[in-house]
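Report on the following structure.
The values are calculated or read from the model by the stated rules, or taken from the named source; none is laboratory data. Being a predicted model, the structure only gives us computed values, none of them experimental. Every residue, glycine as well, gets a Cβ built from its backbone with ideal geometry; the counts of neighbours run over all protein chains shown. Ligands, DNA and RNA are excluded from the accessible area calculation, which covers all protein heavy atoms including side chains. Shrake-Rupley method; radii C 1.70, N 1.55, O 1.52, S 1.80 Å.
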Amino acid sequence: MIQATGIHKSYGSLEVLKGIDLHINKKEIVSIVGASGAGKSTLLHIIGTLDKSDCGQLIIDNTEVSKLNDTDLAAFRNHKIGFVFQFHHLLPEFTAIENICIPAYIGGMDKKEATERAEKLLDYLNLTERKNHKPSELSGGEQQRVAVARALINQPAVVLADEPSGNLDSKSAQELHKLFFRLRDEMQQTFVIVTHNPDLAKMSDRTITIKDGKIV
């Protein structure tokens with residue numbers, strides 16, 4: 001699903017990534033761990049095409065993303081990559097179902113299909129009764145499940161998660177982790193997760209450790 005080769009990234013004189021090679025298979029849950037400042041989030045942003053490497057090759061779902069122009073890259077990101085962040089970034093003025101539908105609308109999906117997909121995801125995630133609630137009316141765990149549904153609405157090739165349970169209590173975090181594995185098993189979803197949570201890292205199919213900009 002993902003093949004990265006020779007990924008380097010610097011910000012000014014600071015070399016953050018120093019030649020990263022990795023592969024991630026379809027239907028695999030991979031955790032990326034390491035100390036703060038090791039380069040984990042930078043790597044995740046490059047895999048997510050939110051940032052560009054200085055050199056190296058990145059292939060996602062058989063597409064070499066470094067060769068795409070900005071317009072094609074934005075369309076690729078919208079259709080192929082789902083994102084779940086520590087802070088869910090739900091838009092406060094929209095309901096749960098409206099937040100979930102936003103990536104579908106951006107991708108050009110008609111309202112009827114987007115709504116049907118969103119309602120199926122809400123049902124799958126036990127959120128149907130909360131679909132017309134705004135984020136401020138939802139618990140932290142519910143907000144993060146809405147964010148997961150939003151990440152899945154376009155049926156992406158891979159979901160990238162950056163400290164997805166970092167803002168949740170232990171019970172909600174455990175439920176979120178179980179959800180990822182259920183999505184892997186039932187929807188064949190691929191996950192790449194940056195985490196400081198040792199329990200999530202242990203549950204993953206593989207753990208990749210980054211230290212000083214390199215995989216160790």
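Quick notes on this structure:
- Calculated FRET value between residue 170 and residue 67, using beta carbons and R₀ = 35 Å, to 0.05: 0.20
- Here the chain is described by how far its Cα atoms reach on the three principal axes: 49, 39, 32 Å, from widest to narrowest.
- Antiparallel content of DSSP bridges confined to the chain, in %, to 5: 50 percent
- An oblate overall shape is assigned to the range 111-166, the ratio a/c of its alpha-carbon gyration tensor axes (a ≥ b ≥ c) being 1.5 or greater and a/b not exceeding b/c.
- Shape analysis of the range 78-127 yields a ratio of the Cα radius of gyration to the Kirkwood radius, Rg/Rh, of 0.95.
- Linear extension gain, residue 41 paired with residue 113, 0.36 nm per residue minus alpha-carbon span: 22.6 nm
- Taking every protein chain into account, the accessible area of the chain amounts to 49 square angstrom per residue (probe 1.4 Å).
- The range 1-55 - percent relative contact order, Cα under 8 Å, separation 6 or more: 37 percent
- Of the two radii for the range 90-216, the radius of gyration is 0.99 times the Kirkwood radius, both from the alpha carbons; that is the Rg over Rh value.
- Hydrodynamic radius (Kirkwood) for the range 41-123, which is based on Cα pairs only, to one decimal in Å: 14.5 Å
- Counting all C-alpha pairs of the range 1-99, share separated by more than 21 Å (%): 40 percent
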